[in-house]
1. Filter region 382-399 down to residues that are in contact (Cβ under 8 Å) with a residue 60 or more places away in the chain, in a loop (DSSP other than H, G, I, E, B) and surrounded by 15 or more Cβ atoms within 10 Å (Cβ to Cβ), then give me how many there are.
2. Only one of GLU281, GLU307 is among the acidic types (Asp, Glu) and over 48 Å from the mean Cα position of the chain (by Cα); which?
3. Among the candidates ARG203, ARG233, single out the residue that is surrounded by 10 or more Cβ atoms within 10 Å (Cβ to Cβ), touching a helix residue (DSSP H, G or I) at 6+ places or on another chain (Cβ under 7 Å), under 29 Å from LEU301 (Cα atoms) and basic (Lys, Arg).
4. With the condition kept exactly as written, say whether any residue in region 178-199 is among the hydrophobic types (A, V, I, L, M, F, W, C), surrounded by 11 or more Cβ atoms within 10 Å (Cβ to Cβ), assigned to a strand (DSSP E or B) and without any contact (Cβ under 8 Å) to a residue 24 or more places away in the chain.
5. Please work out which residue is modelled with the highest pLDDT, limiting yourself to region 400-444 and to residues that are among the acidic types (Asp, Glu) and surrounded by 21 or more Cβ atoms within 10 Å (Cβ to Cβ).
6. Before we move on, is ARG292 surrounded by fewer than 18 Cβ atoms within 10 Å (Cβ to Cβ) and modelled with pLDDT of 95 or more?
Amino acid sequence: MTDAQDPKSPQQPNKPESDTSKSATPASPSPAPSDYVEPGTQAAPRPTGKPVAGTAEGSGGMPPNPDTLTRPPHATDASASADAQAETSQPAQAMAPAAHTIAAQAASDRHPIGAPAPKSSEDVKAAGVGSAGGEPPHQPTFGAGAARPGSPSSMGGQPSYLQAGDSPWSVLRRITSARFRAWYDRAGQRITQRTLKIGISARIFHPEPGSKGLRSKTLQYLEESIAHWVMSRDVLVFMIPTVDTQGLLHPSHIRLHDYAKHLDGLVLQGGADVSPLTYSEVATRHEWQGDRMRDMYELELLHEFVEQGKPILGVCRGCQLINVAFGGTLHQDIASDLPEAIPHVTETYEHNRHTLTFPEGSSLAQMLGPVDTPIVNSIHHQSVRTLGRDLSVEAMCAEDGVVEAIRYRKAPFVLGLQWHPEFHRAGGPEFLDCTPVLDNFLRAARETRF
């Protein structure tokens with residue numbers, strides 16, 4: 001029933017009917033979609049909610065046939081019913097023929113029951129599924145034979161991270177070069193950053209006759225200042241003891257060769273006189289007998305480090321021992337052998353001093369740099385007399401010419417200083433700053449550590 005037939009709608013005023021209004025108003029309601037039959041076709045049975053009479057479904061003992069079940073309403077059927085409702089609600093649409101409804105009904109008859117209805121392009125876009133062709137969203141399409149960007153085929157058969165002219169040999173060469181650089185960096189880091197280990201020879205205290213307690217034992221010790229001077233450059237210091245390979249109590253298979261192998265450098269510290277027997281002489285006075293046992297121990301230690309190519313720095317007695325190790329001799333007493341010499345040892349001990357002079361071409365002078373008046377302490381009554389083989393004089397006492405420093409020319413760094421650099425205050429105005437000597441010694445230790 002249209003709005004004009006609705007009794008609740010306001011009554012329109014009566015107007016005289018004309019031919020135009022009569023032709024516009026339908027004489028009878030539009031035929032239902034099910035009453036329409038296309039020419040030349042047989043009318044399809046109207047679907048109902050009940051089985052058709054006379055079929056197998058109509059009998060109680062037969063199972064339902066899915067082919068004759070009522071087809072569920074399709075999306076197109078829903079749209080057709082919506083059009084029908086619109087015809088009853090709008091007079092203008094009631095005048096239009098129901099051709100699209102009939103076409104939708106016919107289209108639904110052409111598809112079997114349960115088959116998905118075809119979707120229009122509007123339905124596909126509303127569902128958010130890419131294009132009407134069913135492509136996934138945001139997926140670019142490529143023509144036949146076109147390669148995706150970044151694929152090996154788009155780069156001429158090679159991955160995009162390889163260069164255009166790369167070959168297996170060039171890639172292998174770069175890999176080998178990278179591995180070599182990594183190994184070189186690790187080796188360089190080990191050489192430059194590993195803490196140095198410096199050995200210092202031991203002083204020996206021999207038991208005194210008739211003494212008791214600790215004085216009845218042989219002591220090996222390290223003077224504090226020499227250890228702290230070496231450690232001022234952040235290195236590890238180890239006192240190297242004597243070894244006893246034939247002892248009855250504690251025999252050992254360790255040799256001094258093992259210390260030379262695992263340490264990076266050697267410092268020979270000061271102490272007792274070198275025995276004249278070590279350089280094939282007899283002591284002219286009993287108190288100048290020296291320490292023969294310590295001489296043998298330090299001479300073996302020195303030669304082991306020389307054979308290993310490790311640097312050696314001798315201080316006071318250590319300077320004299322280096323001269324003796326290579327065949328040189330000593331003045332057993334400076335005051336007796338050189339009466340014109342100045343006193344080189346007094347009761348003031350490390351405060352006794354004199355100036356230095358450097359011969360031409362001295363490597364020690366180059367090491368210390370320009371110094372106006374190099375002053376060093378003097379605490380020794382023995383000194384170099386005849387120079388050993390392959391040794392050169394590096395410094396002398398400016399007042400009397402006594403040898404104050406020597407160097408072994410056949411090794412990277414074997415240097416002896418007659419004074420005690422560990423008693424000099426670094427950069428002090430009175431004594432010579434000897435830290436350049438220590439730095440060069442440690443530099444040689446790092447360069448020759450392997």
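The values are calculated or read from the model by the stated rules, or taken from the named source; none is laboratory data. On a predicted model such as this, the values are computed, not experimentally measured, just so you know. Heads up, the Cβs are rebuilt from the backbone with ideal geometry, glycines too, and the neighbour counts pull from every protein chain shown.
1. Total meeting the criteria: 3.
2. That would be GLU281, the only listed residue that is among the acidic types (Asp, Glu) and over 48 Å from the mean Cα position of the chain (by Cα).
3. ARG233
4. No, region 178-199 has no match at all.
5. Per the criteria, the residue is GLU404.
6. Considered against the rule, which asks whether it is surrounded by fewer than 18 Cβ atoms within 10 Å (Cβ to Cβ) and modelled with pLDDT of 95 or more, ARG292 comes out as yes.
Table: residues versus (1) surrounded by 22 or more Cβ atoms within 10 Å (Cβ to Cβ); (2) modelled with pLDDT under 95; (3) among the charged types (D, E, K, R); (4) under 17 Å from GLU394 (Cα atoms).
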| site | (1), (2), (3), (4) |
| --- | --- |
| GLU307 | no, no, yes, no |
| CYS316 | yes, no, no, yes |
| PHE326 | no, no, no, yes |
| ILE334 | yes, no, no, no |
| LEU338 | no, no, no, no |
| GLU347 | no, yes, yes, no |
| PHE358 | no, no, no, yes |
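To keep it simple, each residue is scored yes or no on (1) of a type in the set (D, E, K, R); (2) in a loop (DSSP other than H, G, I, E, B).
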site	(1), (2)
ASP258	yes, no
GLY270	no, yes
VAL282	no, yes
LEU301	no, no
